[in-house]
Amino acid sequence: MNAQDPVSLPLGIARLTDLGVIRASGDDAASFLHGQLTQDMLSIRPGQTRLAAWCSAKGRMLASFWVIRLEPNEFLLITSVDTLAATLRRLSLFVLRARVRLSDASSEWLCWGQTESVGAHPTPPAAAAEQVSGIVRVAVPAVRACTRTLLLSAADGPEPEGLRVGPDGWNALEVFSGIARITAPVSDLFVPQTVNFESVDGVHFKKGCYPGQEVVARSQFRGTVKRRGYLVTGAQPIAAGQELYSTLDPEQACGTVVMAAPLPDGKAVAFASVQVGAAEASGLHLGRVDGPPLRVSAPPYTLRDDI
């Protein structure tokens, strides 16, 4: 299997215990999230979803989300479970007088991932969040021959029907998608553009202020981004937070793994933020310059320069 051919992955429905849910509710929920996240939360309508990040004052991503607007005054933020508690605690400090309540809804909504062949079911628009029989379905970008759907089921309601599989297939397709999910090992490391977040509709550049907005805008419009997201594969396990080295500069790391997953053939795939020059040259290695060699390929989308 190569980085562009995930068709041999096991397909079905997997329980995603590494995802959790934050609920934001109240009259000011939309305006509060709009002032905190990289995405336009005022224009999102009930039944829609958006990709977004929450950044530090230095413009680095503390957490990433699929944000669902269930009702006019209720949002669900799907995020990595290992960053959820810290994100909820820090976000709550900014509520002040806003009429919004933030809470951990992970015990109320269970997260699932459904993967299917493209030929089985066409992919609905990625902006849609459909709720049927107590299950919320969010179509996220397909990868090559596989569709991906995030499912939220009420803890006291029916579970989604379908073939049960382990999470490895979903995790690998998430990596293949090149859409960065921020976990604890890489929280506060990346400006959105260094993981291509603006090229997958995770940043809205006309929405106004949010934490880190000046840094993110300056990176975009002054051309200061020196790292970009690439897919890498190797013959050994790879983990988020590991550093990459190039023969161009043996003394200094040229990249960092954002997320990674094992493949059925015993190899591993990762999405990494890498210096552009190093990624385009040969000789990327894991952990040290004489470490295990890695194969580099482009993400499955075009990097945008017309934002």
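What longest region of the chain stays clear of GluC sites (Glu not before Pro) that DSSP places outside H, G, I, E and B and that have at most 10 other Cβ atoms within 10 Å?
Values: sites that count: E161, E251.
Here the longest run is 1-160.
Taking springs between alpha-carbon atoms closer than 10 angstrom, which of C146, C55, C209 fluctuates most in the Gaussian network model of the chain?
C209
How would you rank F271, F197, going from fewest to most other Cβ atoms within 10 Å of each one's own Cβ?
Lowest to highest Cβ neighbour count: F197, F271.
Determine which lysines satisfy two conditions relative to K58: a Cα distance under 26 Å, and not lying fewer than 8 residues away in the same chain.
K206, K207, K226
Can you compute the modelled spin-label distance between A85 and D168, with each label point 7 Å from Cα toward Cβ, in nm?
3.0 nm
Calculated FRET efficiency, R295 and V118, Cβ-Cβ r, R0 25 Å, to nearest 0.05? All intermediate terms of the calculation are to be shown ahead of the outcome.
Working: r = 25 Å, r/R0 = 1.00.
Efficiency, rounded to the nearest 0.05: 0.50.
Would you look at the GNM of the chain, springs on alpha carbons closer than 10 Å, and say which of L11, L93, L152 moves the most?
Taking springs between Cα atoms under 10 Å, the residue moving most is L93.
In nm, what is the difference between 0.36 nm times the number of residues separating L248 and A98 and their Cα-Cα distance?
Result: 48.9 nm gained on full extension.
For a quick check, take a GNM of the chain with Cα springs below 10 Å and name the residue from V165, V81, V132 with the largest mean-square fluctuation.
Among V165, V81, V132, the largest GNM mean-square fluctuation belongs to V132.
Counting other C-beta atoms within 10 Å, which of W170, W109, W66 has the fewest, and how do the rest follow?
Lowest to highest Cβ neighbour count: W109, W66, W170.
For S133, what is the net charge nearby, where nearby means another residue's Cβ is under 14 Å from its Cβ and Lys, Arg count +1, Asp, Glu -1?
My count for the surroundings of S133 gives -3.
So what J values fall out for region 266-271 if you push phi through Karplus, 6.51 cos²θ - 1.76 cosθ + 1.60 with θ = phi - 60°, rounded to Hz, Gly and Pro as x?
Values per residue, Gly and Pro as x: x, 7, 9, 10, 9, 10 Hz.
Would you please state the base-10 log of I(q)/I(0) at q = 0.15 1/Å for region 12-177, with intensities from the Debye formula using one equal scatterer on every alpha carbon?
Ignoring solvent entirely, the Cα scatterers give -0.81.
How large is the helix-only mean residue ellipticity at 222 nm for the chain, computed as the sum of -39500 (n - 2.57) over DSSP H runs with n ≥ 4, divided by its residue count, in deg cm²/dmol to the nearest 500? If you can, show how the numbers build up before the last one.
Details: 5 runs with 42 residues, N = 307.
Rounded to the nearest 500, the figure is -4000 deg cm²/dmol.
If Lys and Arg each add +1 and Asp and Glu each add -1, what is the summed charge of the other residues whose beta carbon sits under 12 Å from the beta carbon of R50? Before the final figure, lay out the partial values.
Values: positive: R45, R69, K207; negative: D40, D201.
Overall, the nearby charge balance is +1.
So between F205 and D18, what do we pick up on full extension, going 0.36 nm a residue minus the alpha carbon distance?
64.3 nm
Any read-out appearing in this document is the output of simple, stated calculations on the displayed coordinates, not a laboratory observation. Everything numeric here is computed off the predicted structure, so don't read it as measured data. So basically every Cβ, Gly included, is an ideal-geometry build from the backbone, and we count neighbours across all protein chains shown.
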